[in-house]
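The values are calculated or read from the model by the stated rules, or taken from the named source; none is laboratory data. It should be emphasised that the depicted structure is a prediction, and the values quoted were computed from it without experimental measurement. Methodologically, a virtual Cβ is constructed for each residue, glycine included, from the backbone with ideal geometry; neighbour enumeration extends over all protein chains shown.
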Amino acid sequence: MPDLDSLLSEVLSHQFAEGQYTNYATDKLNEAQGFVAAQTDFREFFTASNTTLPAGTEDLTLPTDFSRLYSLVCLGGTGQGNQELRQITPSDFDSLDTDSTGRPYLYDVSGSTLSVYPTPDASYDIQLRYWRVPATLTNGTDVPEIPGPYHHLLTSYALVKCFERENDYEAAMYHQNRFDTELMKCRGEVQYDTADRTQPKTIPGAWNAPEPVLTVWRP
């Protein structure tokens, strides 16, 4: 399995001076892994996190490795089924009645904070399912978390940036076209590959949340 040293060696083999490009190419290989992970549904980056929202607490700080959200589920209590919360726009969320309390059924994400509505009237267990960011490649023996068959995407991306730095836009465009084509192929191959067998199932009819009443809030 190619590690950071072998990927870096491949990039530098395109006549890039080791002293000038080792750190730069390493940064771009890491940048590439983050970009590719954000554009695809690799199961390697799919994870779930359970937490408890105490009564009166509507804000949750997202995990430090959070990349993008898959779903948010309020786990069932006694006599209640699991309920997937529905995301609404920030403007709609800001228009909701801030005095309302109950079991959350709506949410909004702003920066690193996830807010639920209504404000919990009791403690609720919730499960956040999301794609995380990949671990940074630091040591030469570090292996990218992206599956091996797609490691060439990292070198193609890094080569685009290195050639652009050299003002060799013809070579950069060649590798950019290669990267774009292979990324599209990759996305098609893995878009339904997410293993989500741990997903709590919503029991139809177990809990019917009311539709929100949108009001203009004034302090």
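Before moving on, here are some points about what is shown:
- Elements of the type strands (runs of 3 or more DSSP E) sitting completely within the stretch 1-120 and holding at least 1 residues that are out of contact with any Ser or Thr (no Cβ under 8 Å at 6 or more places or on another chain) and either touching a residue at least 40 places away in the same chain (Cβ under 8 Å) or surrounded by fewer than 16 Cβ atoms within 10 Å (Cβ to Cβ) (or both): these cover 46-53, 66-74, 106-110, 113-117.
- So A55, is it closer than 20 Å to V109 by Cα and among the hydrophobic types (A, V, I, L, M, F, W, C): yes
- Remark: pairs (first residue in the stretch 136-160, touching a residue at least 40 places away in the same chain (Cβ under 8 Å) and of a type in the set (D, E); second residue outside any loop (DSSP other than H, G, I, E, B) and surrounded by 15 or more Cβ atoms within 10 Å (Cβ to Cβ); Cβ separation under 9 Å; 6+ apart in sequence or on different chains) = D142/L4; E145/Q33; E145/A37; E145/E44; E145/F45.
- Unmet requirement for N23, which otherwise passes all of (1) modelled with pLDDT of 95 or more; (2) touching a helix residue (DSSP H, G or I) at 6+ places or on another chain (Cβ under 7 Å); (3) not aromatic (F, W, Y): (2)
- Check on F93, among the aromatic types (F, W, Y) and within 17 Å of L8 (Cβ to Cβ): no
- Test set (1) crowded, with 19+ Cβ neighbours inside 10 Å; (2) out of contact with any Asp or Glu (no Cβ under 7 Å at 6 or more places or on another chain); (3) assigned to a strand (DSSP E or B) - F163 fails condition number: (3)
- Residues in the stretch 132-160 that are touching a strand residue (DSSP E or B) at 6+ places or on another chain (Cβ under 6 Å) and not in a loop (DSSP other than H, G, I, E, B): 1 in all.
- Check on S110, over 12 Å from Y130 (Cβ atoms), in contact with a helix residue (DSSP H, G or I) (Cβ under 7 Å, 6 or more places away or on another chain) and modelled with pLDDT under 95: yes
- So D125, is it of a type outside the set (S, T, Y), within 22 Å of the chain's Cα centre (by Cα) and at pLDDT 95 or above: no
- Restricting the stretch 161-219 to residues that are out of contact with any Ser or Thr (no Cβ under 9 Å at 6 or more places or on another chain) and of a type in the set (K, R), the residue that is modelled with the lowest pLDDT: R218
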